[in-house]
1. What does the charge count around I135 come to, taking other residues whose C-beta lies under 11 Å from its C-beta (Lys +1, Arg +1, Asp -1, Glu -1)?
2. Would you kindly derive the ³J(HN,Hα) couplings of the stretch 36-45 from the backbone phi angles with the Karplus curve 6.51 cos²θ - 1.76 cosθ + 1.60 (θ = phi - 60°), listing them in order in whole Hz, with x for Gly and Pro?
3. Between W151 and K38, what length in nm is gained on full extension when 0.36 nm per residue of separation is reduced by their alpha carbon distance?
4. Using the number of other C-beta atoms within 10 angstrom as an exposure proxy, rank F64, F128 with the fewest first.
5. Students often get this wrong, so try it: which of [x] 49, 41, 23; [y] 50, 33, 26; [z] 62, 36, 30 is Cα extents along the principal axes in Å as calculated from the structure shown?
6. Let me know the shape class of the stretch 1-90, please: from the alpha-carbon gyration tensor, a ≥ b ≥ c as square roots of the eigenvalues, rounded when a/c is under 1.5, otherwise prolate if a/b is greater than b/c, or oblate.
7. If you take every residue apart from E162 with its C-beta less than 12 Å away from the C-beta of E162, what net charge results, scoring Lys and Arg +1 and Asp and Glu -1?
8. Take the cross-link list K51/K82; K60/K82; K58/K134 and give me the ones stretching past 22 Å between alpha-carbons.
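Please treat every number below as a calculation from the coordinates, not as lab data. No experiment lies behind these values; they were computed from the predicted model shown. No Cβ is skipped: glycine too gets one built from the backbone with ideal geometry, and neighbour counts run over all protein chains shown.
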Amino acid sequence: MIELVQLAIQGDKPAFDEVIRKYVPDLFRIAMSILRNKDDADDVVCETVVKAYENIHKLKDCNFFKTWIIRILINQSNTAYKRRKKIFLLSDIKYEPCYEDAYDYENEDLHMAVGNLSLGLRTVIILFYFQDMKIKEIARVLQIPEGTVKWRLSKAKAILRENLSRLEEYIENA
C-alpha cells in the first residue's frame, strides 16, 4: 500500500484510485456516524476524495495516509454538520441507524445510543470501537491531545452505560 501512496503522490492517477477504493467504505461509515444522513455522507466522501487528490502532494509520510484522509473527512463532515444544523428538516426527527451495513443488527439499541451522543463523543467512539483506531491515531486525526481522547471515551462510555441500563430497566418493567 505504501508503494501505491508513493506513486499517487508522484501523480499516478490509477494508483490514487486504487488507494482510495480501499478506504472509501471506512470513510463512508465514519461520515454516516457523524452526519446520520446517507446523501450528506456521500457528498462528504466525494468532497474528501477530491480534496485528497488535490493535496496528495502535501502528504509528508506515506505511512500516515489513512490518518491524513480521515482528518480531511472529519473536517468536511464537521463543516457539513454545522451547515446542516442551521436547516431543520422533518426527516431529521426520525432516527435511522447509521452504521447498520457494517455491524450486526442485534445491537440496534447500542447504535441508537451511539447516534444520540454529541458529535465530539460520537466521533471518538466510532473511531475507537468501530474503526479500531488507537488513541494516539485518534488524537492525531482530530488534532487534540491524547488525554482529551481518553476523557471523551470515558465520558461517552459512561453516558452509553447509563442510557443502556435505563433502557434495560424500562424494558424489564414494561
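1. Details: positive: K134, K136, R140, K150, R152; negative: E137, E146.
Net charge in that neighbourhood comes out at +3.
2. Those phi angles translate into 6, 8, 4, 5, 5, 5, 4, 4, 5, 5 Hz.
3. Values: separation 113, 0.36 × 113 = 40.68 nm, distance 2.94 nm.
Here the segment from W151 to K38 would lengthen by 37.7 nm.
4. On the way: F64 16, F128 20.
Ranked by crowding around the Cβ, least crowded first: F64, F128.
5. Only one option fits the structure, namely [z].
6. It is prolate, given that a/c is not under 1.5 and a/b is the larger ratio.
7. Working: positive: K155, K157, R161, R166; negative: E168, E169.
Residues near E162 contribute +2 overall.
8. On the way: K51/K82 19 Å; K60/K82 30 Å; K58/K134 24 Å.
Pairs exceeding 22 Å: K60/K82; K58/K134.
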